[in-house]
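The values are calculated or read from the model by the stated rules, or taken from the named source; none is laboratory data. Because the structure is predicted, anything quoted here is derived from the model rather than measured. When we count neighbours, we look across all protein chains shown, and the Cβ atoms used for this are built from the backbone with ideal geometry, even at glycine. Each accessible area value is taken on the protein alone, full model and side chains, heavy atoms only, with ligands, DNA and RNA left out. Shrake-Rupley method; radii C 1.70, N 1.55, O 1.52, S 1.80 Å.
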Amino acid sequence: MAATHCPYCSLQCGIHLTPALELTGREDFPVNRGGLCMKGVRAAELITHPERLTTPLARDRPGLPLRPVTWDDALDRVTAAITRAQAAHGRDAVGCFGGGGLTNEKAYQFGKFARVALRTAMIDYNGRFCMSSAAAAANRAFGIDRGLPFPLSDVADADVVLLVGSNPADTMPPAMRWFEAGRERGARHIVVDPRETATAKPAHRHLQPVPGTDLALANGMLHIAIRDGLVDHDYIERRTTGWDAVRRSVRADWPDRTERVTGVPVADLTATVHDLATARNAMILTARGAEQHADGTATATAWINLGLALGLPGRGRGSGVATVTGQGNGQGGREHGQKADQLPGYRPLADPAARAHVAGVWGIDPDELPAPGVSAYELLDRLGTDGGVRVLLLAASNPVVSAPDARHVAERLGALDLLVVTDFFLSESARLADVVLPTTQFAEEEGTLTNLEGRVVRRRRVLDPPPGVRSELQIWHELAARLGRGKHFPTDPRVVYDELRRASAGGVADYGGISWERLDAGEELFWPCPDETHPGSPRLFTDTFPTPDGRARFVAVAHRSVTERLDRRYPYLLTTGRSRTHYQSGTQTRRNETLLAAEPVAYAELHPLLAAEIGVADGDALRLTTRRGSVVATARLTDGIRPDTVFLPFHWARVNDLTSARLDPTSRMPEFKSCAVALAPVRARSTVPDLEENRR
Ligand SMILES: Nc1nc2c(c(=O)[nH]1)N[C@H]1C(S)=C(S)[C@@H](COP(=O)(O)OP(=O)(O)OC[C@H]3O[C@@H](n4cnc5c(=O)[nH]c(N)nc54)[C@H](O)[C@@H]3O)O[C@H]1N2
Ligand SMILES: Nc1nc2c(c(=O)[nH]1)N[C@H]1C(S)=C(S)[C@@H](COP(=O)(O)OP(=O)(O)OC[C@H]3O[C@@H](n4cnc5c(=O)[nH]c(N)nc54)[C@H](O)[C@@H]3O)O[C@H]1N2
Ligand code: SF4
Ligand SMILES: [Mo]
């Protein structure tokens with residue numbers, strides 16, 4: 001039996017797993033203390049799933065079906081395509097697209113593979129669709145991007161918690177124990193969400209803004225804090241810069257104006273500000289609802305501004321402004337080099353000193369390192385075009401389902417010379433591939449992941465992978481060897497990790513002192529941890545911020561309406577997100593019988609008033625159409641949602657045909673969480689197969 005972690009979300013719940021694949025929650029792991037969600041308890045069922053990929057597949061020509069091939073054949077095809085594309089179109093004709101589910105070792109190695117074996121600038125990953133707005137805002141304000149700068153259990157110590165666009169009751173159920181512990185102590189919880197979610201129901205107050213207006217909401221609350229003399233001037237003076245500009249910038253954000261823009265009553269705005277400001281300890285937590293907008297960075301910044309004005313970051317246990325990271329290794333995945341502009345340790349790729357350090361560890365000349373490339377959506381958008389990527393290596397993401405304007409993305413993938421997908425199932429994206437490489441699942445590999453708190457956890461191997469399956473570390477070694485750079489790519493994850501420690505040493509995300517030995521001995525280690533005698537950093541910002549002057553930075557941000565225009569043809573607002581049952585693009589959870597039975601088809605939540613207006617009843621098929629695409633989902637009526645808004649979980653193919661790829665100017669985050677939509681009942685039963693097609 002091994003003490004390891006759930007493969008899914010950023011909570012990284014501790015589990016015990018036996019070679020017979022019996023899975024139970026670990027009481028000794030401080031984040032979940034034995035608790036697991038319905039996805040986590042069933043995670044091991046996928047290891048032996050009959051649809052598991054156990055041999056490489058390839059297509060001999062476009063249009064022909066995928067067929068089993070040998071590893072040598074598959075890897076030779078990939079190498080030949082890489083060599084051909086780079087000879088004809090330059091190094092950047094080959095691209096890499098990674099994922100926040102990859103272990104630290106793999107995320108690090110994938111970034112290195114792009115820069116050292118392929119020498120391409122074109123690498124980015126799905127975290128761009130997840131954490132990029134919060135990361136950009138935190139880097140600017142605090143000089144560091146670590147989702148929670150404190151252990152999750154601090155939530156129980158907060159007297160007031162404001163959750164903005166975050167639904168942990170569905171997305172991280174075991175985390176709720178800490179919220180519940182707080183409420184039992186008398187803490188007040190306030191939720192900002194257009195829907196009355198399972199998180200909002202037990203909260204003390206629920207603010208229901210129009211999707212896409214969170215920035216206006218935060219600025220309006222800051223205006224009230226200033227007007228009512230609730231600002232912590234001593235904190236602002238001692239610990240921050242830039243206050244004056246921010247103070248001036250919210251002068252016109254009067255409460256009635258904020259109510260008009262956001263739909264949140266003035267009384268609720270005022271009460272919330274007073275709750276936050278008068279609490280001994282208060283916490284503001286943002287998540288994707290606030291961040292996945294074309295102004296996501298500015299929105300996250302506005303909430304940070306409010307928190308700084310109230311003196312929350314670093315005030316003490318139970319205080320702060322933070323973001324709730326999403327994917328299993330969303331945190332580590334963005335620290336070690338999958339991002340277009342980053343080297344390991346959160347080092348900027350454009351910084352000569354950073355390049356010199358990492359090139360030294362990698363044993364190459366710094367001049368060999370490419371320049372920063374483009375962001376995830378931009379990379380996908382240009383696939384197969386002149387100057388775009390022509391051979392794409394895709395690992396641990398399923399953009400045909402999860403990228404915005406997904407129909408367009410599928411078309412771009414189809415325009416490639418060669419698409420190579422590494423996965424353990426034939427995902428919707430893998431079905432479009434020319435070469436599919438089967439890889440190991442969590443129970444078959446060693447490694448580390450970094451959870452939402454910046455805590456590094458160990459993933460442990462409990463059984464051998466099926467014959468025919470290889471880990472990504474082996475795959476990238478083999479490819480690098482064929483490209484003449486094999487010696488740079490060890491396959492033992494411990495060796496890779498020790499190199500990652502050296503590469504990250506001295507960087508913002510310093511893992512230098514976090515050894516597998518210390519983790520295996522049961523030490524709880526949070527980065528930064530510069531050396532082996534360092535205890536790690538569970539709580540940041542208590543004395544100083546990692547900015548050049550040690551102060552947090554206010555940044556003035558103004559609300560402008562960025563949401564796609566509503567008109568007579570597209571009169572309603574569509575927002576998207578998650579159901580409790582399924583995970584992400586659904587490759588894994590839609591293959592689990594129990595989970596599929598619990599939530600078999602795409603559904604859309606809407607208010608009974610809206611349903612009556614368009615003439616649908618609960619359970620009817622509903623057609624949703626945007627300026628980009630059209631989808632059928634089952635109507636689910638609830639009076640907990642704003643009557644002008646429809647909510648659609650994105651776990652089923654085609655949902656993202658609807659969403660807009662307009663990007664945040666700073667983070668390049670797409671606006672997954674608001675666009676204009678038309679709704680119509682589906683009368684003809686013949687269109688219902690649309691729903692069935694989504695089963696898998
Ligand atoms: N069951 C399940 N759990 C998961 C995942 C999963 O796919 N399924 N994925 C994991 C990952 S990668 C992530 S990133 C996290 C995400 O975790 P969350 O951020 O909690 O999840 P979402 O459902 O995307 O969005 C949260 C809420 O934002 C609300 N919202 C929509 N638009 C707006 C808006 O404009 N303003 C505000 N304030 N709220 C809005 C939605 O109604 C939704 O309830 O979950 C992780 N956990
Ligand atoms: N409309 C809308 N779209 C969204 C969002 C939203 O809220 N609304 N949320 C966005 C967010 S926050 C995220 S994080 C993305 C996630 O979207 P995706 O990037 O598509 O994430 P997953 O579905 O987790 O895809 C992971 C794929 O990799 C495979 N996989 C898992 N682990 C590994 C591994 O270790 N190695 C390899 N090779 N493969 C592996 C899985 O089987 C699956 O096919 O979706 C984004 N898309
Ligand atoms: S909350 Fe996240 S880590 Fe915990 S069991 Fe569920 S999916 Fe796994
Ligand atoms: Mo995410």
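The accessible area of ARG551, taken with all protein chains in place and a 1.4 Å probe, comes to roughly 70 Å².
Our analysis of the chain gives Rg over Rh at 0.95, with the two radii drawn from alpha carbon positions and Rh computed by the Kirkwood formula.
To the nearest 10, the accessible area of THR422 is 10 Å² with a 1.4 Å probe. Protection proxy ranking of 40-47, 381-388, by the mean of other Cβ atoms within 10 Å over each peptide's residues and highest first, is 40-47, 381-388.
Normalised by the number of residues in segment 400-478, the mean separation of alpha-carbon contacts (under 8 Å, six or more apart) gives a relative contact order of 21 percent. From its DSSP helices (H runs of at least four residues, each -39,500 (n - 2.57)), the chain gives a residue-normalised ellipticity at 222 nm of -8000 deg cm²/dmol. Rounded, prolate or oblate: which one fits segment 301-437, using the alpha carbon gyration tensor with axes a ≥ b ≥ c (rounded when a/c is under 1.5, else prolate when a/b beats b/c, else oblate)? Cα axes put segment 301-437 in the oblate bin. When you restrict to C-alpha pairs under 8 Å that are six or more residues apart and normalise by the size of segment 132-323, the relative contact order lands at 31 percent.
The distance separating the Cα centre of segment 142-175 from that of segment 1-17 comes to 19 Å. Contact order for the chain, expressed relative to its length and based on alpha carbon pairs under 8 Å spaced 6+ residues apart, stands at 19 percent.
Can you give me the Rg/Rh ratio for segment 181-303, using Cα atoms for both radii and the Kirkwood formula for Rh? Value, to two decimals: 0.95. When we measure straight from the Cα of LYS339, which lysines land under 30 angstrom away, once same-chain ones fewer than 8 places off are left out? Those lysines meeting the cut-off are LYS39, LYS106, LYS112, LYS487, LYS673. Based on alpha-carbon centroids, what's the gap between segment 65-79 and segment 357-432 in Å, whole number please? Each part reduced to its Cα centre gives a spacing of 19 Å.
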